[in-house]
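See structure below.
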Amino acid sequence: MYHVIGTGLTTTLLYLISYLLYRNGFYSLNLHRKIWNSVLAIVFLLTAAAGVFLALQISYKWNIPITRSILKWHVETGIGLSFTGLFHFLWHLKYFIKTSGRQEKQATELWLSEYDNFNVSINLFITGFVSTSLQILMMKEIINISGGYELVAGTFLGSWLIGSGAGAYLAGKSNINDVRKINLFFAFSPVVSIILLFSLSKLFLQTGETPTFLVSMVLTILVLFPFCFISGFTFIKLIAYAKSSMKLDPGKSFSVETTGGIAAGIVVTFLGTGALNTYQTILLIILLAVTYVLLTFFIKNIISVNLFRLLVLTASILIIVTNSDVFFRQLLMQGVKVSKSEETPYGNITIAEYGGEKSIYYNQRLLSYNDDVTEREEDIHYAMLQRERIESVLMISGLLWSHLPEILKYPVKKVVYVESDPSLIKYEQVSVLKQFEGIEVRNEDAYRYIQKSQNKFDVVLLILPPPSTLQLSRFYSVEFFSSVHEKLNPGGVFMCSAGINTNYFNKESIYLNSSVFNSLSSVFRNVKPILGNKIYFLASNDSLSAEICSLSEKRGIKNTYVSPDFLSDELIIMKSDEFLSLLDVNISKNFLTKPLAALYYQSFHLSKKISEKLPAIFFLIIVFLLPAAFIKRRSNLMYFSAFALAGYEIVLLLVLQLTAGNMYQLTGIIIAGFMAGLAMGSGMNFFSENKSRFALKIIALMAFYAICGLLVQKILIMKSFIPVVILIFILSFIPSLLTGNIFRELTRHNVNSSEVSIIYTSDLAGSALGFIFFSAVVVPLIGLRYSMLLITVIVLAGFVSLFATKNRHF
């Protein structure tokens, strides 16, 4: 399928946004033309390259493997080429009709004196509050749409920072100083991004479709760029205004803006506990920004001010009392009729109907439906048929009302159900829960429950998604399997699934399943794969059998699907043996501190559409690595320090998950700790009198990272909850304090916004690369301790680069 209309409309919309920014003075006509001439050149080269390969294949019968993968991109880039070629012709039309035009003049505007009395500190605070709030909320939405694994999350954070960095960089070169106009664009730019989110999702995604990584990346960048660009641009211009009018140095301005971000993290975390849904909060944040700008710069008459305040109050009440999320969810899920949407600290629960049947969607993924007999029987019976006598069962996640009737086909006395999201329990069918008195529901993190529980079980069922994220990977680690092993009665059975059964197993799929299999085999004496709709792994110290049909008849268990009527023992055994022969015993096991399963899953996800793998990697390099080539040497320290801090933040958040469990509220507090450190460090003036003391700060930062690398194993074995959280908060604060102060030192002697924008852009570009590089590659590949060592080396690289530079800003 070729997206002719989608690609064409997207290209047109992006051009109009670029043209609007040029017309309002954000950058020059020459830069506007350079951007679109560059786009024209890129799509021309891509289209030409694809055409050459296709011509060689057809004309000379050459077997060029890459031809199939570039066929789609030949057409897509051709569509983009036609639209950019049209724009190129229009802005050179004067050449063809020989009309003369005046040479563009872009005089530097003075700061508008009639607004000099406005408080720029409040403006900086509002900018930080709005930017951070929307970052948290939009990240949640885009991750839900795109699948929720680390590569997407890293791409989001990287795209946000790259877009902000582009705006900051151009702000240093732009002559527009109209604070009123800049703030007006900032207030309304989120609306553009929201419109792009829904329109692009509708144009490029089918109902219920999880996009490929390349589509997710392109969607993320296009949606975020309008708001992020204006956000970065606004911040640099406000820094320049504060420097000019209030003699406020850039470090203090950064501190005020970051304080707004801290407030946003606290407020959004609180509202995310269920007080308001995502789109309600987004609308209120946008309304706040618009209200501030209009009341500060445009509406001055006292009667008009009061009427506008009344209008804003009415709009706010309407947003709160009406569930606007139902409307927005309906736009994203057009194949079903959405009747309810609820936000929880753990995700979004949506109730929808299709053909009169009600279904539950969790983070826009189908969680339950009426006729799920195949899935629920496989989730239960492959494990429970293994033993003749079963009294106690532990079920981790999955829907209880769907699976409990299957469990009760056996003479069980006790069922413990562990689910981290308590809101899901509200949607359980009460009649099913009442039919068995031996049910115990625990709303807590399953990993922590396994560690502290004194109960023993005959069967443990792990009904979680595959190890697609660092968070989920811990449930497929050697450490978790060891904890489960300790909670099993003699002869007990454990079952999990690392993903769906694709029938054809490529290299990436083999790596993923081999890592999980080898991790299980290091703990249990017997591990047997059973291939159903998913790939199930049974593990026990006692014997296991793949003769499922014979076992169901022997136990007297009457099923619809897991029975001799649908399945054949010979076929199950044959598939199990064939799959077992494919697994590689040399593939590394999955550990808490080295979550390779997450890396293997991401590689497997990329391999699902092989034609997009190389373009995705190429696009990643262009977007996140290429900016490093434009970083000036004198700002290398800022780039590498931000790179290291972003990687350290990923490491610390993983440590938090491993020690405190899946604690979303605590994650917000830890991020607030990072931002508090940045705010204080950039606002404080300590040990900055000379070069040697500045160098001492950098050495202290490197030493801190190295010590944390040595202590990370000790932190992971701490059992006390509150001391762990306090320690992690302190560990998040200290390096942020030093990094924030580095920004202050590098900017405090700069008198023009251009130099400040370069350093701030370096900060954002380094953070962008750090988030995606460490979350998707480094931590899964080399583990926590060596990641900390690498972070230390990164800071050292910036330190060496700085002191090798002649023009230093301290």
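The values are calculated or read from the model by the stated rules, or taken from the named source; none is laboratory data. All figures in this text were calculated on a predicted structure; none of them were measured in a lab. Neighbour counts are summed over all protein chains in view; Cβ atoms, including those assigned to glycine, are modelled from backbone coordinates with ideal geometry.
Enumerate the pairs (first residue in the range 627-643 and crowded, with 21+ Cβ neighbours inside 10 Å; second residue anywhere and hydrophobic (A, V, I, L, M, F, W, C) and outside any helix (DSSP H, G or I)) with beta-carbon separation below 8 Å, excluding pairs fewer than 6 apart on the same chain, so at least 6 apart or on different chains.
TYR639/ILE631
Hey, among the residues in the range 115-172 that are assigned to a helix (DSSP H, G or I), among the charged types (D, E, K, R) and more than 20 Å from ALA672 (Cα to Cα), which one's modelled with the lowest pLDDT?
GLU150
Look at the range 325-354 and say how many of its residues are surrounded by fewer than 18 Cβ atoms within 10 Å (Cβ to Cβ) and over 21 Å from LYS426 (Cβ atoms).
Final tally of qualifying residues: 6.
Pairs only if they're at least six apart or on different chains, beta carbon under 7 angstrom, first in the range 696-724 and loosely packed, with under 13 Cβ neighbours inside 10 Å, second among the polar types (S, T, N, Q) and in a loop (DSSP other than H, G, I, E, B); list them, first residue then second.
none
Need the failing condition index for TYR382 against (1) among the aromatic types (Phe, Trp, Tyr); (2) farther than 22 Å from ILE286 by Cβ; (3) not assigned by TED's automatic domain parsing to the domain that holds MET495, just the number.
In the conditions (1) among the aromatic types (Phe, Trp, Tyr); (2) farther than 22 Å from ILE286 by Cβ; (3) not assigned by TED's automatic domain parsing to the domain that holds MET495, TYR382 misses (3) alone.
At pLDDT 70 or above, in contact with a helix residue (DSSP H, G or I) (Cβ under 6 Å, 6 or more places away or on another chain) and not assigned by TED's automatic domain parsing to the domain that holds PHE225: which single residue out of TYR19, TYR15 fits that description?
From the options TYR19, TYR15, the qualifying one is TYR15.
Tally time: how many residues in the range 322-352 are in a strand (DSSP E or B) and free of Cβ contacts under 8 Å to residues at least 24 places away in the same chain?
So the answer is 6.
Give the range 496-523 a look and list any residue that's surrounded by 24 or more Cβ atoms within 10 Å (Cβ to Cβ) and in a strand (DSSP E or B), or say none.
Result: CYS496, SER497, ALA498.
Return the only residue of GLY740, GLY770, GLY798 being modelled with pLDDT of 80 or more, within 22 Å of the chain's Cα centre (by Cα) and assigned to a helix (DSSP H, G or I).
None of the others qualify; the one that does is GLY770.
For the range 14-30, give me each residue that is of a type outside the set (Phe, Trp, Tyr) and more than 19 Å from SER231 (Cβ to Cβ). Give the derivation first.
Looking only at the range 14-30, we keep the residues that are of a type outside the set (Phe, Trp, Tyr), and these are 14, 16-18, 20-21, 23-25, 28-30.
Selection gives LEU16, ARG23, SER28, LEU29, ASN30.
Going through ILE587, ILE535 one at a time, which residue ends up being more than 30 Å from ILE390 (Cα to Cα), in contact with a Ser or Thr (Cβ under 9 Å, 6 or more places away or on another chain), outside any helix (DSSP H, G or I) and not assigned by TED's automatic domain parsing to the domain that holds ILE650?
One residue alone meets the criteria, ILE587.
Residues that are at pLDDT 75 or above and closer than 28 Å to PHE125 by Cβ: find the helices (runs of 4 or more DSSP H) completely inside the range 604-699 holding 3 or more of those.
Those helices (runs of 4 or more DSSP H) span 636-660, 664-683.
Modelled with pLDDT under 95, in contact with a helix residue (DSSP H, G or I) (Cβ under 9 Å, 6 or more places away or on another chain) and assigned by TED's automatic domain parsing to the domain that holds SER482, is that true of PHE566?
Numbers: modelled with pLDDT under 95: yes; in contact with a helix residue (DSSP H, G or I) (Cβ under 9 Å, 6 or more places away or on another chain): yes; assigned by TED's automatic domain parsing to the domain that holds SER482: yes.
For PHE566, the condition - modelled with pLDDT under 95, in contact with a helix residue (DSSP H, G or I) (Cβ under 9 Å, 6 or more places away or on another chain) and assigned by TED's automatic domain parsing to the domain that holds SER482 - is met.
Residues checked against (1) touching a strand residue (DSSP E or B) at 6+ places or on another chain (Cβ under 7 Å); (2) touching a residue at least 12 places away in the same chain (Cβ under 8 Å):
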residue	(1), (2)
PHE494	yes, yes
ILE510	no, yes
ASN513	yes, yes
ARG525	no, yes
ILE530	yes, yes
LYS534	yes, yes
PHE537	yes, yes
SER545	no, yes
MET574	no, no
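Would the range 216-233 turn up any residue that is in contact with a Gly (Cβ under 8 Å, 6 or more places away or on another chain), modelled with pLDDT under 90, not aromatic (Phe, Trp, Tyr) and not in a helix (DSSP H, G or I)?
No, there is no match, as no residue in the range 216-233 is in contact with a Gly (Cβ under 8 Å, 6 or more places away or on another chain), modelled with pLDDT under 90, not aromatic (Phe, Trp, Tyr) and not in a helix (DSSP H, G or I).
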